[in-house]
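Visitor: Below is one structure. I have some questions about it.
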Amino acid sequence: MTTRRRQNSQSGQTLLLGVVMLLVLAVALLLAFDVHNVIRAKLKVETAQEAAALAAASWQKESLNLIGEINLIKAAETLLANDEAWGGDVAKRNPYDPVEEADQNRRYEWQARIGLLTEMQTRVAFLGPLAGFAAANQAAKANGLADSGASRSLQTYYELLETAARYSPMAGGAPQYINNYAWKAPYRSLVGRIAENGAAIMPNVRSFGSGSVSPPQLAKEDFYDAIARHAAEIAAGNPPQQSSWHDLLYDFVKKWRNADFQDKWWNVDFSMANFPGESEIYTLGVQWQSIPDYQATAQSAQRILGNTDTVWPKKSLPAAMDWCCYDKFWYPEYYRDTYRDYQSDHYSFWFESGILRRNVKSAYRYEGPAAYAEGGIDVPEAARLATRPEKTDSTSSIFFKRNPARSTSNRVGSRRSSFASSSDAEAFGTNYRPGVIAKAFGELSGGRMPIEIPVILPVFDRTTVMPTYMPVPYGFAVLRLASSKLDAFLAWLAGQDSLFDYEVGPGADGAFYLAMLQKLTDGAGFRYYGYNPAFDAGSFDNRWRDRLKKYVDSRKSEVYAQNNRSGAGWLQEPQLFYGDKSTWDTSGGTRVYIADKSYYVVDTTGHIITNDESDPTVRYTTIDYGSGGGGGPGFGQTVVSSDTAKGTPRL
């Protein structure tokens, strides 16, 4: 009887265990399904963005080549002109002699032909990039992207083309005619058609707020927040307990001195935000002008045409003989002369194997246009992990459910919540770049850069996707139609020569940014807490290398403070590392443990390792990328720090 009761009490336990196992299996399947969907969406977004960027860059390439072909036709027209067409040798004619009516008519006919060619180039510069934008959207949609807010911004842009002063000749904006081309109606119409069909990607533009800022940190909200954080820490104690200075302030603290903050140490250039006289979307970067060094340009065009006959001198050509040329934003020299950090922080990374494993081909070392495509996908979730806090204690129960109060989808790709809202900080930071950039490339004969001849020629023959780690091009901006508070402050800063002496301030919204920049210029009261140029590291090492265990108790008397102007800044303080003795590589130096797993390090030269240095007693994996390439960080050299070893570039 007892055995039978025991058997009855155990009945159903296997069923309960099976139900629990099935539930766990079902949850695992749902999570696996979610992970699969996210991975699949990630690949879809990346493929779609690459296809869109390449489509837009291909249209930029073909538009530049078509403009170049028309320039060659202009050159041919000039070479074919003869004395009879001009009514004699114009260069030798006495300007006071009367001009025969037939000669004048011939000149007008020639000028009309050249003027028509210039108008054709203008049409291409406006409508070619827009056609590329339409093609980019089709490529993105074909690869699974849908409208994620881009259409709304594009529709607003369409409306502004009609109402904004920027595009009104009466308000001092864009002219009604550019090279005899009434640009607004066809340009606005094509923008409207693209918006009606739905835009799946956001392009880069040369429009509202697309300025270039140097130093580039000044255009980032995090930069001002970092100043505010350090200032609050400094005000809280003497000496203060500080957080890391390895942030956007690092260069200003470590490398800049008081002399660097004299005069005007910033440059905010909004010339890229001016109406470009061509498409603002996927701008080509062209201009029409009579070349100052006309003879050299004409001779270059002759070499391209294979004709060495003499052309008419510039003074004998009518005003309509304007060539379509590269604008100043193609030339590295412009940026090098304008921005103090261009060579080290941009040019070296783009062209001198800062990112790539080898130097960029010399013929491709120019700036110019790029095509950016950014989009995203919302991936529905099959299951959601949620937590429900218990009222009785601090523990939480975990359960699966669909919570109607929360989103049940994951965003893959761009996370800009609103492209037209000034409250969306992510919509304003050019350092936030989840999309893909593609670029058109070409070269002159002999492996020369296209810009060596200022006249655009049809030499562009390829497009490629740029590695994701490459810096953002100067003047880069995603289409957006609102301005942030930081935008307004930078616009004010562009017209100032001093942070302390100005007639009209930046207003209440800009007061915070101004106060932070003023704080940054204060060496003794701010920057020296991070790095003190008067600190004697050698003397400090001699005093403390043999008694580091006592340093913690004496720290307050050794670090920088207002009553200790010779003390160490945070970057110069001994760094406290964490790790057990099993990780100790004795060949790198000596560890001085002050607790079970916390220690200071003295290297083999007797130097105490600081907060600005890595631990030499930890063995890192050595990565050798070979010889070849330039001296950019991470490539063409042996890397022994895990933090600087970059992954494979995406080509």
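Visitor: Dividing the Cα radius of gyration by the Kirkwood radius, what Rg/Rh value follows for region 148-187? Intermediate results must be reported in sequence, preceding the final value.
Guide: Details: Rg = 11.8 Å, Rh = 11.1 Å.
Taking Rh as the inverse mean 1/r over Cα pairs, Rg/Rh reads 1.07.
Visitor: Counting heavy atoms of the protein chains only and a 1.4 Å probe, report the per residue accessible area for region 119-229 as a whole number of Å². Can you show the working numbers first?
Guide: Numbers: 4320 Å² over 111 residues.
Per residue, region 119-229 has an accessible area of 39 Å².
Visitor: Which value in nm describes the separation of the simple spin-label points at Ala595 and Ala508, placed 7 Å from the Cα toward the beta carbon?
Guide: For Ala595 paired with Ala508, the spin-label model returns 4.7 nm.
Visitor: Given the pairs Lys220/Lys597; Lys264/Lys519; Lys141/Lys220; Lys328/Lys361; Lys44/Lys220; Lys254/Lys556, which are separated by over 26 angstrom at their Cα positions?
Guide: Working: Lys220/Lys597 38 Å; Lys264/Lys519 15 Å; Lys141/Lys220 32 Å; Lys328/Lys361 21 Å; Lys44/Lys220 30 Å; Lys254/Lys556 22 Å.
Beyond 26 Å: Lys220/Lys597; Lys141/Lys220; Lys44/Lys220.
Visitor: Moving on to the next point. Please report Rg (one decimal) and Dmax (integer) in Å for the Cα set of region 510-551.
Guide: Using the Cα atoms of region 510-551, the pair Rg, Dmax is 16.3, 50 Å.
Visitor: Counting pairs of alpha carbon atoms under 8 Å apart in space and at least six apart in sequence, what relative contact order in percent does region 134-281 give?
Guide: In percent, rounded to a whole number, it is 29.
Visitor: Extending each Cα 7 Å along its Cβ direction at Asp536 and Leu43, get the distance between those two points in nm, one decimal.
Guide: My value for the distance between the label points is 6.4 nm.
Visitor: In square nanometres, what is the average projected area of the Cα convex hull of region 540-614?
Guide: The directionally averaged projection comes out at 5.0 nm².
Visitor: May I pose another question? Mind grabbing the accessible area of Met449 for me, 1.4 Å probe, Å², rounded to tens?
Guide: Rounded to the nearest 10, that gives 40 Å².
Visitor: Would you please give the FRET efficiency between Ala494 and Ser189, computed as 1/(1 + (r/R0)^6) with r the Cβ-Cβ distance and R0 = 35 Å, to the nearest 0.05? Could the numbers behind the result be given before it?
Guide: Values: r = 34 Å, r/R0 = 0.96.
In this case the efficiency is close to 0.55.
Visitor: Further question: Compute the semi-axes of the equivalent ellipsoid of region 433-574, taking the square root of 5 times each eigenvalue of the Cα gyration tensor, and list them largest first in whole Å. Spell out each step's value before the answer.
Guide: Values: eigenvalues 445, 154, 48 Å².
Semi-axes, largest first: 47, 28, 16 Å.
Visitor: Okay, moving on. For Arg152 and Val618 in the same chain, what is the full-extension length gain: residue separation times 0.36 nm, less their Cα-Cα distance, in nm?
Guide: 162.5 nm
Visitor: Give the carbon-plus-sulfur fraction of the accessible surface of region 143-231 in %, rounded to a whole number; probe 1.4 Å, heavy atoms of protein chains only.
Guide: 49
Visitor: Can you check what the net charge comes to around Trp350, using other residues whose Cβ is under 11 Å from the Cβ of Trp350 (Lys, Arg +1; Asp, Glu -1)?
Guide: -1
Visitor: Hey, another quick one. Can you give the convex hull volume per residue for the Cα atoms of region 169-258, as a whole number of Å³?
Guide: 227
Visitor: Plugging the Kirkwood radius over Cα pairs into Stokes-Einstein for region 218-276, at a temperature of 25 °C and a viscosity of 0.890 mPa s, what D comes out in µm²/s? Before the final figure, lay out each step's value.
Guide: Values: Rh = 13.9 Å.
Answer from the Stokes-Einstein relation: 177 µm²/s.
Visitor: Per residue of region 262-269, in order, report the coupling 6.51 cos²θ - 1.76 cosθ + 1.60 (Karplus, θ = phi - 60°) as ³J(HN,Hα) in whole Hz, putting x for Gly and Pro.
Guide: Per residue, the Karplus-derived 3J(HN,Hα) values read 6, 6, 9, 9, 10, 9, 10, 10 Hz.
The values are calculated or read from the model by the stated rules, or taken from the named source; none is laboratory data. Since the structure is predicted, the reported quantities are computational estimates derived from the model, not experimental observations. Please note: Cβ atoms are built from the backbone with ideal geometry, for glycine as well, and neighbour counts cover all protein chains shown. Just so you know, the surface numbers come from the protein's heavy atoms only, side chains and all, with ligands and any DNA or RNA stripped out. Shrake-Rupley method; radii C 1.70, N 1.55, O 1.52, S 1.80 Å.
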